[in-house]
Structures are given as structure tokens and as C-alpha cells.
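Written out below as C-alpha cells is the structure these notes cover.
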Amino acid sequence: MHFSELIRALKERNAGVLSYGLGTDPEIINGASLDQAQDTQIGFLEKGNALTASLSESDVGAIIIPNIEELRLKAEKKSIAWAVASDPRLAFAEILELLNPRPVPQKGVHPSAVIENEVTLGEDISIGANVFIGKKVQIGSKTIIHPGVVIYENVVIGESTEIHANAVIHPNCHLGKQCVINSNAVIGSEGFGFVPTPSGWRKMPQTGKVILESEVEIGSCSTIDRPCVGQTLIGTGTKVDNLVQIGHGVITGKGCAIASQVGIAGGAILGEGVILAGQVGVANRAKIGDRAIASSKSGIHGSIAPGEVVSGYPAIPNRLWLRCSAAFSKLPEITRSLRELKKEGSE
Amino acid sequence: MHFSELIRALKERNAGVLSYGLGTDPEIINGASLDQAQDTQIGFLEKGNALTASLSESDVGAIIIPNIEELRLKAEKKSIAWAVASDPRLAFAEILELLNPRPVPQKGVHPSAVIENEVTLGEDISIGANVFIGKKVQIGSKTIIHPGVVIYENVVIGESTEIHANAVIHPNCHLGKQCVINSNAVIGSEGFGFVPTPSGWRKMPQTGKVILESEVEIGSCSTIDRPCVGQTLIGTGTKVDNLVQIGHGVITGKGCAIASQVGIAGGAILGEGVILAGQVGVANRAKIGDRAIASSKSGIHGSIAPGEVVSGYPAIPNRLWLRCSAAFSKLPEITRSLRELKKEGSE
Amino acid sequence: MHFSELIRALKERNAGVLSYGLGTDPEIINGASLDQAQDTQIGFLEKGNALTASLSESDVGAIIIPNIEELRLKAEKKSIAWAVASDPRLAFAEILELLNPRPVPQKGVHPSAVIENEVTLGEDISIGANVFIGKKVQIGSKTIIHPGVVIYENVVIGESTEIHANAVIHPNCHLGKQCVINSNAVIGSEGFGFVPTPSGWRKMPQTGKVILESEVEIGSCSTIDRPCVGQTLIGTGTKVDNLVQIGHGVITGKGCAIASQVGIAGGAILGEGVILAGQVGVANRAKIGDRAIASSKSGIHGSIAPGEVVSGYPAIPNRLWLRCSAAFSKLPEITRSLRELKKEGSE
């Protein structure tokens, strides 16, 4: 696609293009990071991007930049095609989508798929090889089920949802529209609930279900458990990375972002727009307010106020934690100083 | 099921019902938590349950309560059917099981399953779609294998065990009776054993096997590795949550409970009834005594005495850790105080 | 295999046998650890091995030992067949391989496998039951694909690679030769990249690919994400344990060892021979120098110098961390001492 065509498509999509220079109007094949780009590739820069200085050395064919005169001049000087965008990262997302249209899998049901009785399939669906779909499952139109997926009975799946290979959806779960379930994820397996008895752990039957609202994404090998009673609920637009555990009865608000290897224990409640960084742990029944942020590896008990940024284990305000952590690495000095002071005192 | 029928069934099961009041003998369809319950649902309360106060506001149809006069009177006043149980949680587990009988999958072998030579299948088994069972595998009666499961050669599986979709069992493993393997779990993959050589890591062949005794449950996407020689052994009645790693040669006693995202490194030994909370790490060859408890995110090296409760990394006694953690968040003050004292001292 | 045959085979393989004594030239069936061994089993000892003392009590049939006179004499005294090896662990690895030749799965393509158009298959491959292979995939000779594996379109796989059951390989990935992908691992799923917008998270298309060089091993349920642009690259001979997350655009050098439940965030760069112990976290764009080591549960930001050994979160030099951790558990005392000193000062 020539750069001029790309610009036209971006304008149609209202992607925030403010101005541009076509340079030699190069043919652009795909995207690249600035330090690895070739002349058929397009890159982008944001304010503060570490690669800004390298624009002069890059072989990139075209560049999306923020409204910074200096960057525009650098591009012009090297005859690099450029466009100024109000949000270069967002414009770049649009460009990658234009250059890499999602492969459309074959419509219909692969002959090797096994579909049980009373299943309802919407129009224009695609069901891949060796898929299993249990009784009374309902699947909305345009939904794509990749090979090897197993869907237990009574599951309801909205339209335009995509379920990647070998993922498993357990009975009675509801998946909204435009969700993405990545490979080997497990939705709705039974919560870890056991009652101690003199003869050992007795399973608490997990009779609830998991509800994913619309536009929810679940990463590869992540597990979302169903509860004893009621539901585990993931709010609209919440994105969950790989290898995340979401326990029985957890409720998340809309638009949360949950990074890899986070574990959220049973009954915890997250507000809207909560961000949990990698390997965070959230204890049973903890409450996290809207737009709170937990930095990586922090461990949250009790409740976190809306908008708070926390770190550490147990989690404390991030700024305090930074100072405490710095002091932690000086504990040997602190101990020594204290010993000396005591010695002086006793002399 | 009417509440009176439920009571009768609970008594037949010796579920510890001490007294009851039928109220309007409501039809009960399923369980619910007190704050979300409707009049066809049953809930339960325990001593200290945060929802106790809300009984007066609940729309619940019936309630299992501990032997507390005040709760009984509240229920009576609202004409809520009630039963006092010696262990309300345990009685509730029985009730959920009565109200939600496990779906019985179709008996027999699905035509799409691939069964290799010399496989022995017990009576009344159920083998789902697209299952693969390798040579010389033996499967006990009443065992259920859900779609997409892969069982390598020479595996032995006891009776009444259930293996969920897309789980994988590697060669030579032994699974006892009444085990549950959840979706996408991997039992018996090779341990992470490599010998450093001048030309790189050389694999140590992992020729051992994994043994799960009876009533063991393994969570979704959990991995239990086989060792170089000998076995990895999970004791009877041990319950393992999702995304747990159990390394090569680990031995656990009976009745342990291992929460999500715990990692147990090679050769570690757990006694009976050990409880590891979420994201705990146990180092190579660590030893954990009977009924010891590690709180979430703790990291265990060396050995932990029976009955001890530990926290932190490296793990120390929980009570000490609580005090140390509280002091940690005061490190900036401690540092400042110390600086002032030194200044005073040098004046 | 008689011990004498084993010795002959080890010599052919240049396994570092320095001397030996045949004893009764026992028939050896497999390997065992010294404390569990029977007379048809072989064990090994290294310098400092905790089991050294137990050689006199062991029922082992043969033993590989380091060049320590005392051990040789103990073995002779008990008529245990013995061999001194320059690296007993390495010799033991050779022995286990000799005693346990890898099962050779049936050559060819199982009739239940689904192979799309334009797929290129090398000679002597083995493709198991219910495998799915997408369009234009190329697979090298002698490669083994176990049942249930799903390979998306345009993947290239080298020769003598083994992919275990139910693993998933996403579009455009390149796997080198002699790689091992363990069960339920996911290679090349989309990176966790979203752009915040007023209407929620907007997906950044992940158009890059994952490249595994040769002799790379990926553990069960581990996930290696593809990036927005460019590639995620795992260097030759790098070994990755179970449940590991490797984010979009990560680059590792040759011969790294990455233990279970490690998470490496997007854009991090590891040098050669880096060792990350269990549950380590590496932040976005962190840089870890050649042969650096991070002990379990440490959290790495910024950069780590080559050869450094770090611990803790945030990671600091291991020796410092050990002292700081020891001091941490004395924080209550430190606080008390300080209070007393202040009191004295103010008197």
C-alpha cells in the first residue's frame, strides 16, 4: 500500500492525522520498530520515545510522529514520508490493522468437528477441525472457533467472538460479543472450594457460572473459575494477559487490564479501569477501587482506595514503598549505626 | 425440591442437621449467597460470617445456620425456612450436591476417539470426542475422560476418576481412584533437568513417573513433572489449584491443599495436611512438616517445622513477619530518627 | 544391560569414564537415587552429595562416582559395580539415555490428523491423532507432532523437533531444529498490547512472530507471545520450564535457563547463559547481561550487569540481599532499640 493510500485510509477512519508529507510516496508493506526498519516499513514515535534520536539513522520508509517540529524536519531531510498524528500510537494501531487484515478462516463447520444435539449456531460462523461443542450450546453469528476447542454443555457465546485453539469453556458460561479467548485458556472450571472434615477435604460443589461481558480478552493458559453459587463476572472491555488465575466469584469492573501471572483469589472485587501489573496477588474478598493501580509482584489484602497506586507485599502506597525499598537495601548500615550508637550510649 | 424433602435427604446423609423449621416449605431450586438470593434459593451462614446482619434484608427462601438463637428467631420472624446444622458449610455442600446432581456423560467410547492397541477399559466408562489413548493404557471402571484429552502409553488410571477436556497425561503415570484432573492440566511431563556442559545444557533424561494417589485433584493448567529417576508422588486427598507447578521428584503427604500459582521445585517434601496459599514458592529439596501453613507469596527454603505458620521471603514465622512488615513501612522514619540521633551524638 | 556393556557404551560415547570395577557385572535395568535403589539399578554420586554417607547402606547394583578413593573402596567392599567418571552427573545422563531409548512413535500421518493445503512435510515425520496443521506450514524431517497439537498457518518447523500433546503454535512462527515444545505450551499467541482511548482499550495488532532457534525447549503450559512488530527471539539452546510467560518482543541469548513461573515482560533483553530461578519477574525493557543469575522470586527492573547475581524485589546484589533479609527479620528489635535510644537522648 502506498503511503498516500495509507493516509487516505487513516483519514476515513478518523485516526487523528493532523498533517503529512508524502516524501517519495513509498510502498509500505508492514510496520517495524525504528531501529530495525527497512524502507518498505513504517514506524512511529511518541513524545519521550527512546528511539527519537535514532530517526536520522533509521532506514524506515515512513514514520508517524507527534506534533514536534524537529521530528518533522528530520523526516523531511531524509525524504522519509511522515504524518503527524494526535496520538501516534493509536494511528499506528490503525495502520497495522490496515496492512495486516485478519485472516478470515473458512466459514462453516469443519467435518471433523463434533457438534452435540440442540446446538444453535449463528450465521457466518467458523468452527475448526476437531472442535467439540456440547449439548444446547448457543453460538452467535460471525464467531470463530479454532481447532481443538472444547465447549461443554449449555454455554452461550455472543457474536464476533474468537476462541483460539485448544481453549476450554465449561458448562453454563456466558461469553459476550467480540470477546477473544486465547489458546489453552480455561473458562469456567470449578473453583477451589473444599470444606475441611475429619476425613479430609470435602468438595464444595461449584454450581455457579462465569460471565464474560463483551470485548473481554483472556490470555493463553489463563483460568477463570466458576463459583460455588452465583457468578464470576468479568466486565466489558477488561483485558487479561496469559497465565492469570481469576478465582471463584471474582467481579471485575469495566476496562480493567490484568497482566501476566496475576492471581486474584475468590470473592475479590475490582472496580472499573483497575490495572494490575505482572505477578500481582489479590487475596480473598479484597476490594480494589476504580482506576487503582498495583505495580508488579505486589500483594493486596483488604481494600485499596480508588485511584491509589500501590506496591509491595503487603501492598502500601507506591511512593512510600519506593522509599522503604531504598531503605531496605541499607538495613545492614542501619543495623551497624544503631549498634555504634548503643555502644556510645553505654560508654 | 421442597425444603422438607431437602431436610429428609440431609438426615439420610447424616449431614449434621440439629433442628429445623419448615416455614412455608418453599420449593428450593439452587443455592445462593445471602445478599443475592431469591425465594427459591437456599443460603448458609457461619459464625462470624459478614452477611449475618443481612439476614433480615435477604429474599432467601431457606437458610442453614449455626446454633445461634438470634439467627433462628430472625428466620422465623421472616418465615424463612431454616435448619440448624453442626457445620453449616458442610451441610450446604451436601445441599448443593443434592440440588445439582453431576451430569452423567454418555457411557462408552465416542466414535471419534482414537484408542491404540492393548488398551484396557473398565466398565461404565465414558470416553469423549477426539480423545487419544496410547498403547497399553489401563483405565478403571466409571472413569470419565472428556473431549480432547491425550493419554500417552502405559498410563494406569483408577476407577471413578474424571479427566477434563484437553488435559494431557504422560507415559507411565499412575492416577488413583476418584481423582479429578481439570482442563489443560499436564501430568507427567519431563522435569526441568539439564547438566551444564561446555557446549551448553545437556538434557538429563527424565525416566521416572508421576503417581497420584486416590482422591487427588489437580487444577486447570497445572503441571506435575516426572523426575529423572523414581517418582513424583501426590498423597491421597491432596487438592491442587490452577496454574500450580509441582517439580520433579516432589513428594506430598495426604490431604495437602495447594493454592493457585504455587511453585514447588524439584525434590521438595511436604508432610500431611500442609497448606500453601497462592503464589508460594518452595525451593529445591525443602522440607515442610505436617500441617504447616505458608501464607500467600511466601518463599520457603530449608525446612519448616510441623504446624508452623510462615510468611514472607525468605519465610519466617508469620507473627514475626507481621511485625517486620509493619516496621518495613516505617523504614523512612527509622532512617530519619537514626540520622537525627547520630547528629545529636556528634554535636 | 550388563554393567560391562554399559561401560563399553559409555566409552564409545566418550562419557568420561576414568576407571571402573565390574563387581559381579550385574544386569542393570534403570536408574535410581541411592536411597531407593535396588540391585538392578544404577545410581550416581557427586562431590558434596548428601547421599554419599548412605552408599554403605544402599542396595544399589552399580554406582557412578567422582574420583574419590573412599567411595571406590566402599563400593568394592560391598561388591557394588562402580565407575569413576570425570563428571558423574553427565555420565549418568548418558546411562539413562542408554537404558531408556526414547520411544519412537509411528512414522507417518495419523488418519485422524487434518492437514490443510500447501503443507510441506519432511521425511520420517510422525504426526499423531487429531493434529491440525494449517496452510503453508513447513515441517522438517524426523519431527514428531503428538496428538492434539494445533499449528496455525505459515509456521516453519525445523528437523528433529518434538511437539507434545495439545500444544499450539500460532501463525508465522519459526521453530528451529531439535526443539522440544512440551504439552499445552502456546507459542506465538498475541502480545498483550492495548492503547488506552476514551472508549476503552484498543488492541494494538500483534503482527510480529516468534522465532525459536535450535535446541530450544519450552515447558508445559508456557506461553511465548509474538510482538506488535518484529520478533520475539529465543536463542539456541535456551531451556524454558513450565508455566513461564515470555512477553512480546523479548530477546534471549543462547543457553539461558529459565525456571518455572518466571515472567518476562515485553521488550526485555537477556544475554547469553542467563539463569532465572523460579517465579522471577523481569520488567518491560529490562536488560540482563551475559551469565547473570537471578534467584527465585526476584524482580528485575532496569539493567543487570554481566555475571551479576541478584535477589529480592527490587533486585539487588545477592550478598547484600542476604544481609538485608537477615536484618529485615530483626526490624522489631531495631525499632525497639531506636525507641530506647531516643528516650535516653531526651532524658
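Shown here for region B:236-325: trypsin sites (Lys or Arg not before Pro) in loop regions (DSSP other than H, G, I, E, B) with at most 15 other Cβ atoms within 10 Å, of which there are none. Summarising the overall dimensions of region B:156-242 from its C-alpha atoms, the Rg and Dmax are 13.9, 50 angstrom. Stokes-Einstein diffusion for region A:58-109, with the hydrodynamic radius set to the Kirkwood value over Cα pairs and evaluated at 25 °C in a medium of 0.890 mPa s, equals 191 µm²/s. Using 1/(1 + (r/R0)^6) with R0 = 56 angstrom and r between the beta carbons of B:SER4 and B:ASN318, what's the FRET efficiency to the nearest 0.05? The calculated FRET efficiency here is 0.75. Label-point spacing at C:LYS77 relative to the other copies reads 8.2, 8.2 nm, in ascending order, each point sitting 7 Å out from Cα along Cα→Cβ. The Rg/Rh ratio of region C:3-99, with both radii computed over alpha carbons and Rh defined as the Kirkwood radius, is 0.90. Comparing C:ASP39, C:ASP290, C:ASP124 in a Gaussian network model of chain C where C-alpha atoms under 10 Å apart are linked, the largest mean-square fluctuation is found at C:ASP39.
A simple spin-label model places pseudo-atoms 7 Å from Cα toward Cβ; at A:ASN67 and C:GLU116 they are separated by 4.4 nm. Note on C:LYS47 and B:ILE29: their simple-model spin labels are 7.3 nm apart, each label 7 Å out from Cα toward Cβ.
Each copy carries a label point for A:SER19 at 7 Å from Cα along the beta-carbon vector; from one copy to the others these points are 8.5, 8.5 nm apart, nearest first. Taken one residue at a time, the phi angles of region C:337-345 give Karplus couplings (6.51, -1.76, 1.60, θ = phi - 60°) of 4, 5, 4, 5, 4, 5, 4, 4, x Hz. Gly and Pro are set to x.
Comparing B:THR161, B:THR335, B:THR223 in a Gaussian network model of chain B, where Cα atoms under 10 Å apart are tied by springs, the biggest mean-square fluctuation is seen for B:THR335. Distance between the modelled labels on C:ASP39 and C:GLN106, one decimal in nanometres: 4.2 nm (7 Å Cα→Cβ projection). Note on B:143-154: average number of Cβ atoms from other chains within 10 Å of each residue's Cβ is 5.
Listed cross-link partners B:LYS203/B:LYS239; A:LYS287/B:LYS77; A:LYS209/A:LYS287 are compared with a 26 Å cut-off, the Cα-Cα value being larger for B:LYS203/B:LYS239; A:LYS287/B:LYS77.
Computed as a quarter of the hull surface, the mean projected area of the alpha carbon convex hull for the protein assembly as shown stands at 48.2 nm². Solvent-free Debye calculation, one equal scatterer per alpha-carbon of region B:25-157: log10 I(q)/I(0) at 0.15, 0.17, 0.20, 0.22 Å⁻¹ equals -0.69, -0.77, -0.97, -1.16.
At q = 0.08, 0.10, 0.11, 0.13 Å⁻¹ the log10 of I(q)/I(0) for chain A amounts to -0.56, -0.80, -0.91, -1.07, computed by Debye summation with a single uniform scatterer per C-alpha, solvent ignored. Which of B:LYS136/B:LYS177; A:LYS135/B:LYS135; A:LYS136/A:LYS254; B:LYS343/C:LYS343 have a Cα-Cα distance over 20 Å? Going by Cα-Cα distance, A:LYS135/B:LYS135; A:LYS136/A:LYS254 fall outside the 20 Å limit. Binning all Cα-Cα separations of region B:234-347 at 10 Å, short to long from zero, yields these whole-percent fractions: 15, 41, 18, 11, 9, 4, 0. Placing a label point 7 Å from the Cα of A:ALA50 along the Cα-to-Cβ direction, the distances to the matching points in the other copies come to 4.2, 4.2 nm, shortest first.
Only the coordinates and a few stated rules stand behind these numbers; no lab work does. Given the structure is predicted, the values throughout are model-derived calculations rather than measurements. So basically every Cβ, Gly included, is an ideal-geometry build from the backbone, and we count neighbours across all protein chains shown.
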